[in-house]
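Have a look at the structure below before the remarks.
Since every read-out is calculated from the coordinates, none of them should be taken as a lab result. Small disclaimer: the values here were computed from a predicted structure and weren't measured. Because the Cβ atoms are built from the backbone with ideal geometry, glycine has one as well, and the counts that use them run over all protein chains shown.
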Amino acid sequence: MKRLVLAMAMFFILLTASASWAAWTLTPSKVARNGHYLTWKVVCTSDGGVLSATDLIPLMDSDLKSLVIGSAMMIMKVSPGLTTVAPDTTIDVTLSDAQGTAIFVHTGYSNTADTTGISLAEDYNQYLPVHDKIFLTLNDIGTAGDQITLYFECWIE
């Protein structure tokens, strides 16, 4: 009986520990550059929970990082995953500046269709400047493995 209780306790500990090791996967990459315009994206793969504020800059390769830092983020597109990686619920996006202040907060983007032409100047009253940090926060979009892709159009000085 003691062995059964011990085995169950160990199983429970391992089960809860493995859940805490899970984390969202964020993969930023450059899409295109033309003169002063830059398009980049971040593929966001859910761990089945909320994505707490995460700085995107350290996740970028050196080329993308050098382009994004000092740019102004103007437009965003929210593209939900399809079929087996489709989110189960609507998408909430928060972008925060280097001090952790929310400078763009919008909720309820479609989980079944792209939302395009989102002006990033709506909340901040100007395009979002990127210094050495830009934080992304997302709601729980459903099952672990569900995906969304955020596309950003930036102006490079």
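Among the residues of segment 132-146, which ones are outside any loop (DSSP other than H, G, I, E, B) and either over 11 Å from the mean Cα position of the chain (by Cα) or crowded, with 19+ Cβ neighbours inside 10 Å (or both)?
Passing the criteria: Phe135, Leu136, Leu138.
Could you list, in sequence order, the residues of segment 67-99 that are closer than 18 Å to Asn139 by Cβ, surrounded by fewer than 17 Cβ atoms within 10 Å (Cβ to Cβ) and among the small types (Gly, Ala, Ser)?
Of everything in segment 67-99, just one residue is closer than 18 Å to Asn139 by Cβ, surrounded by fewer than 17 Cβ atoms within 10 Å (Cβ to Cβ) and among the small types (Gly, Ala, Ser), namely Ala86.
Among (1) surrounded by 16 or more Cβ atoms within 10 Å (Cβ to Cβ); (2) in contact (Cβ under 8 Å) with a residue 60 or more places away in the chain; (3) more than 17 Å from Trp24 (Cα to Cα), there is one condition Thr39 misses while meeting the rest; what is its number?
Unmet condition: (1).
Restricting to segment 50-66, and then to whatever is in contact with a Lys or Arg (Cβ under 6 Å, 6 or more places away or on another chain) and of a type in the set (A, V, I, L, M, F, W, C), can you tell me which residue is surrounded by the most Cβ atoms within 10 Å (Cβ to Cβ)?
Filtering segment 50-66 for residues that are in contact with a Lys or Arg (Cβ under 6 Å, 6 or more places away or on another chain) and of a type in the set (A, V, I, L, M, F, W, C), the one surrounded by the most Cβ atoms within 10 Å (Cβ to Cβ) comes out as Leu64.
For segment 113-128, what are the residues that are exposed (fewer than 15 other Cβ atoms within 10 Å of the Cβ) and either touching a helix residue (DSSP H, G or I) at 6+ places or on another chain (Cβ under 6 Å) or part of a strand (DSSP E or B) (or both)?
Thr116, Gly117, Ser119
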